[in-house]
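**Student:** My structure is below; once you've seen it, I'll send some questions.
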Amino acid sequence: MKHTYAIFCFCLLSFALTARPAGLTTYDLRLHVGSLNGLVRDAATSAPLPGVVVRITETGQATQTDEVGRFRFKNVEPGAYSLTMACIGFAAGEIKNVRVLDGEATFVEATLEETSLDLKAVVVSPEARSNTSVINTVDINMRPINSSQDILRFVPGLFIAQHAGGGKAEQIFLRGFDIDHGTDIQLTVDGMPVNMVSHAHGQGYSDLHFVIPELVSRVDFDKGTYYADKGNFTTAGYVDFRTANVLDESFVKVEAGQFDTYRGVAAVDVLGKKAHQRDQNAYVAAEYLFSNSYFDSPQNFHRLNLAGKYHGRVGANTWLNVSATHFDSRWNHSGQIPDRAVESGQISFYGAIDDTEGGITDRSNLNVQLLGTTPRGDVWKQQVYATRYNFELFSNFTFFLEDSINGDQIKQRENRFLTGYNGSFSWERQLGGKTVRYTTGLQARYDAVDNNELSHTVNRSEVLERLAYGDVREFNTGVYAEAEVDISNAWMLLAGLRADGFAHQYTDFLEGNKTSNATTAIVSPKMQLFYTPSAKWRFYAKGGKSFHSNDTRVVVAQEAREILPAAWGADLGVVAKPADRLLLQAALWTLWLDQEFVYVGDAAVVEAGGRTLRRGFDLSARYQANGWLFFDADLTYSHGRSVDDPEGENYLPLAPRWTGIGGISTRFENGINASLRSRWLGDRPANSDNSTVARGYNVFDVQASYNTKRWEAGFSIQNLFNTEWKEAQFETETRLRDEPAPVTEICFTAGTKFYARVFVTVRF
């Protein structure tokens, strides 16, 4: 009850901050000023461009365009001005001789041309604090990609590992976390959650395969616990995928590669260029993939994606965005294999112990977003979404440890309906002579999970025993408020507060339909401070609290010391542009978790990891030698330990320590493009005393293409030097058939062999 009361009080406070009492009017006592407003569009599609840094040359004032491409400067002295505009992936723009009149609002409209990446467009300023944490279509098109899950690798320091033949969600590693499939990172697509709470395969399970990679126009990301609009799972950080609102052009793309791999993608603009000019846009798209993959046992992997989207202006200052998608996937996989089976010659490095593993899954989404601005330039957003999701996975991690006759294969299954709401209101006002930007928001999510099951099976057909079986109901609501104030020309402060409440219900079919309930809540303060002494340097300090929730089955059983464990983090960092085409970033960070506590769906058991502390640093460099040659490198280090365990027995299993990502890319005006990439993951402990080590790897990928206005052809190669590497590794106690006793050692899934594909894209 006390948690509910706290959230109710916070809601009232948020409302009080946003409301203006009737009869009160704000007067600007300064005379002889006007305002300068504008809209920035993509020249090719006429779509509004968010995140463009707009600067008044004569005064140095700067701002960013909002989500509908609009910007506003208030209290501008009458006179003639020049505006400069910068946005990653677009050529810099300029408007000269813009005249501001006394007491009047001047409106300008500008377009920016899409171009190759130019680091000159990266602006170091308080107003552009986020534009260095953006992945755009230029990056995506320059690197080998099999699915949208691979785009996660573009986040500096983030690694993924596939260990189920391509159809299962990848394992994720970031900032010293083995995040499993999403426990400590929030993933969203167009504001719609990807993380699945109380999932049959584990808390936070995140499958991004329902997104067609070619439709991803932008990816926003950041690390840490400091963002008021980000709730559950935002401990190591967040990644937000944005799909294209407008197609540049319709296209058809076909791919073919080794291991019986075939893929086709098509996207068609439904309304045409003239409709774009009226701010009316719609397209449909489809993707189909088949592959047998590089394992000895054919994977028979099928993936189908269908998508449709409408984006358009439905009022003078109101935009509507409606998207619908459907995803279906089915596959076989070889699973994890033990070192001893390979070393003895029983199977090859790419073999299988139980080749009847595999799965099927599907997801259908409806996402409706309404966004508008008021005459004063305030921005409001409303979003509702609904998802229908089904999942069935067969795995065998221990082989014949528990059942020496039939084996230890398990089935994990669920049927889920998910619906939710996101709403926010942002406005800018003067307070004590300072510009303050306020945002308040409300978020709600409801998950209804039927037949959440873990069963012991044989050959994916016969159920021997149900180990867990029931229905889950989980409701999460969050409210937040934040204020961003320009303390001076160099200092900016962003402070926020968030409150989340959860209601859990579990009906256990194995206990006579016994229903259990629980509620819990948490309040999370946030702070970010930026200091920008010049156009070449920006320093920042961040601190805040966040959390990851626990599985409903754990919460209602009250088996956790911390039902809703908090995460406290801090960052000290710098962004530097010592030259126009050199961008450097560095951060020292620390993260404390009250408890690493995860429901382990593979065994239907609960593991409480206790309190943990991680520290580390991130280093990034981007250098553009000239108009066609680019270099990038990211190096991260993390040191993580369990706080409650004795020294020497407090390592965090599978937590990455050293990671490195880098590459060289070229983009020539004649259409020839190429990229050579390297990804390195260092050795890491596989258990709590570091007696078993998960060996690291270094893999190179390459992609090259020739691009014209109407078509593109190219190839990509993953694992260029055919390195034999282990993509996923676990220390596991297993027993093979007829073995006298179990053995605890590394079990792994092999990473891809040399894997070449060719592709052709035709635009129309």
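The values are calculated or read from the model by the stated rules, or taken from the named source; none is laboratory data. All values derive from a computational prediction rather than experimental measurement. Glycine also receives a Cβ, built like all others from the backbone with ideal geometry; neighbour counts cover every protein chain displayed.
**Student:** Please find, among Ala448, Ala444, the residue that is more than 30 Å from Pro375 (Cβ to Cβ), out of contact with any helix residue (DSSP H, G or I) (no Cβ under 7 Å at 6 or more places or on another chain) and of a type in the set (Gly, Ala, Ser).
**Tutor:** Among Ala448, Ala444, only Ala448 is more than 30 Å from Pro375 (Cβ to Cβ), out of contact with any helix residue (DSSP H, G or I) (no Cβ under 7 Å at 6 or more places or on another chain) and of a type in the set (Gly, Ala, Ser).
**Student:** Shifting gears a bit: Would you confirm whether any residue within the stretch 733-753 is in contact (Cβ under 8 Å) with a residue 12 or more places away in the chain, closer than 30 Å to Ile140 by Cβ, touching a strand residue (DSSP E or B) at 6+ places or on another chain (Cβ under 9 Å) and loosely packed, with under 14 Cβ neighbours inside 10 Å?
**Tutor:** There is no residue in the stretch 733-753 that is in contact (Cβ under 8 Å) with a residue 12 or more places away in the chain, closer than 30 Å to Ile140 by Cβ, touching a strand residue (DSSP E or B) at 6+ places or on another chain (Cβ under 9 Å) and loosely packed, with under 14 Cβ neighbours inside 10 Å.
**Student:** Hand me the list of strands (runs of 3 or more DSSP E) wholly inside the stretch 602-717 holding 2 or more residues that are over 30 Å from Ala468 (Cα atoms) and either at pLDDT 90 or above or in contact with a Ser or Thr (Cβ under 8 Å, 6 or more places away or on another chain) (or both).
**Tutor:** 612-624, 629-642, 658-667, 672-681, 697-707
**Student:** Within the stretch 356-365, identify whether any single residue is surrounded by fewer than 16 Cβ atoms within 10 Å (Cβ to Cβ) and aliphatic (A, V, I, L, M), and answer yes or no.
**Tutor:** no
**Student:** Return the only residue of Asn459, Asn476 being loosely packed, with under 15 Cβ neighbours inside 10 Å and either in the same structural domain as Val384 (by TED's automatic domain parsing) or among the basic types (Lys, Arg) (or both).
**Tutor:** Exactly one of Asn459, Asn476 is loosely packed, with under 15 Cβ neighbours inside 10 Å and either in the same structural domain as Val384 (by TED's automatic domain parsing) or among the basic types (Lys, Arg) (or both), namely Asn459.
**Student:** If you don't mind, there's one more thing I want to ask. Going by what's in this entry, would Thr752 be described as within 25 Å of Ala686 (Cα to Cα), hydroxyl-bearing (Ser, Thr, Tyr) and outside any strand (DSSP E or B)?
**Tutor:** Taking the combined requirement at face value, the residue satisfies it.
**Student:** Looking only at the stretch 507-546, count every residue that is of a type outside the set (Asp, Glu), within 26 Å of Phe233 (Cβ to Cβ) and over 29 Å from the mean Cα position of the chain (by Cα) and tell me the total.
**Tutor:** 4
**Student:** Also: It is to be established whether one or more residues within the stretch 370-378 are farther than 30 Å from Tyr438 by Cβ and in a loop (DSSP other than H, G, I, E, B).
**Tutor:** No, every residue in the stretch 370-378 fails to be farther than 30 Å from Tyr438 by Cβ and in a loop (DSSP other than H, G, I, E, B).
**Student:** Report whether or not Gly372 is in contact with a Lys or Arg (Cβ under 6 Å, 6 or more places away or on another chain), at pLDDT below 95 and not aliphatic (A, V, I, L, M).
**Tutor:** It is false that Gly372 is in contact with a Lys or Arg (Cβ under 6 Å, 6 or more places away or on another chain), at pLDDT below 95 and not aliphatic (A, V, I, L, M).
**Student:** How many residues, within the stretch 280-336, are touching a Phe, Trp or Tyr at 6+ places or on another chain (Cβ under 7 Å) and at positive phi?
**Tutor:** Residues meeting the conditions: 2.
**Student:** Tell me, please, whether a residue that is among the hydrophobic types (A, V, I, L, M, F, W, C) and under 23 Å from the mean Cα position of the chain (by Cα) can be found in the stretch 329-352.
**Tutor:** No: zero hits.
**Student:** Could you give every pair whose Cβ atoms fall below 6 Å, whose first residue belongs to the stretch 263-287 and is over 14 Å from Ser323 (Cα atoms), and whose second residue is among the charged types (D, E, K, R), counting only separations of at least 6 or pairs across chains?
**Tutor:** If the second residue must be among the charged types (D, E, K, R), the pairs left are Arg263/Glu255; Val265/Glu214; Val265/Lys253; Val265/Glu287; Asp279/Arg313.
**Student:** Within the stretch 714-732, restricting attention to residues that are aliphatic (A, V, I, L, M) and in contact with an Asp or Glu (Cβ under 8 Å, 6 or more places away or on another chain), which residue is surrounded by the most Cβ atoms within 10 Å (Cβ to Cβ)?
**Tutor:** Of everything passing the filter in the stretch 714-732, Ile717 is surrounded by the most Cβ atoms within 10 Å (Cβ to Cβ).
**Student:** Take the residues in the stretch 31-74 that are under 26 Å from the mean Cα position of the chain (by Cα) and of a type in the set (Asp, Glu); name whichever of them is modelled with the lowest pLDDT.
**Tutor:** Glu67
**Student:** Tell me, please, whether a residue that is surrounded by fewer than 21 Cβ atoms within 10 Å (Cβ to Cβ), in contact with a strand residue (DSSP E or B) (Cβ under 8 Å, 6 or more places away or on another chain), farther than 29 Å from Leu736 by Cα and in contact (Cβ under 8 Å) with a residue 12 or more places away in the chain can be found in the stretch 404-415.
**Tutor:** Yes, the stretch 404-415 contains a residue that is surrounded by fewer than 21 Cβ atoms within 10 Å (Cβ to Cβ), in contact with a strand residue (DSSP E or B) (Cβ under 8 Å, 6 or more places away or on another chain), farther than 29 Å from Leu736 by Cα and in contact (Cβ under 8 Å) with a residue 12 or more places away in the chain.
**Student:** So Ile563 clears everything in (1) of a type in the set (A, V, I, L, M, F, W, C); (2) surrounded by fewer than 18 Cβ atoms within 10 Å (Cβ to Cβ); (3) more than 20 Å from Asp450 (Cβ to Cβ) except one condition, right? Which one?
**Tutor:** So Ile563 meets the others, but not (2).
**Student:** Given Tyr697, Tyr706, which one is hydroxyl-bearing (Ser, Thr, Tyr) and more than 26 Å from Lys168 (Cα to Cα)?
**Tutor:** Tyr706
**Student:** Also: Which of the residues spanning the stretch 609-663 are surrounded by fewer than 17 Cβ atoms within 10 Å (Cβ to Cβ), within 22 Å of Arg581 (Cβ to Cβ) and touching a strand residue (DSSP E or B) at 6+ places or on another chain (Cβ under 9 Å)?
**Tutor:** Leu619, Ala621, Tyr623, Ala625, Gly627, Trp628, Leu629, Phe631, Ala633, Gly662
**Student:** Going through Ala483, Ala448 one at a time, which residue ends up being surrounded by fewer than 21 Cβ atoms within 10 Å (Cβ to Cβ), at pLDDT 95 or above, farther than 19 Å from His199 by Cα and in contact with a Leu (Cβ under 9 Å, 6 or more places away or on another chain)?
**Tutor:** Ala483
**Student:** Can you tell me how many residues in the stretch 462-494 are of a type in the set (A, V, I, L, M, F, W, C), under 30 Å from Asn390 (Cβ atoms) and in contact (Cβ under 8 Å) with a residue 40 or more places away in the chain?
**Tutor:** 5
**Student:** Moving to a separate point now. Would you tally the residues in the stretch 718-749 being under 21 Å from Gln162 (Cα atoms), of a type outside the set (D, E, K, R) and not in a loop (DSSP other than H, G, I, E, B)?
**Tutor:** 10
**Student:** Name the residue that is surrounded by the most Cβ atoms within 10 Å (Cβ to Cβ), counting only residues in the stretch 218-275 that are closer than 30 Å to Leu497 by Cα and of a type in the set (S, T, N, Q).
**Tutor:** Among them, the one singled out is Thr235.
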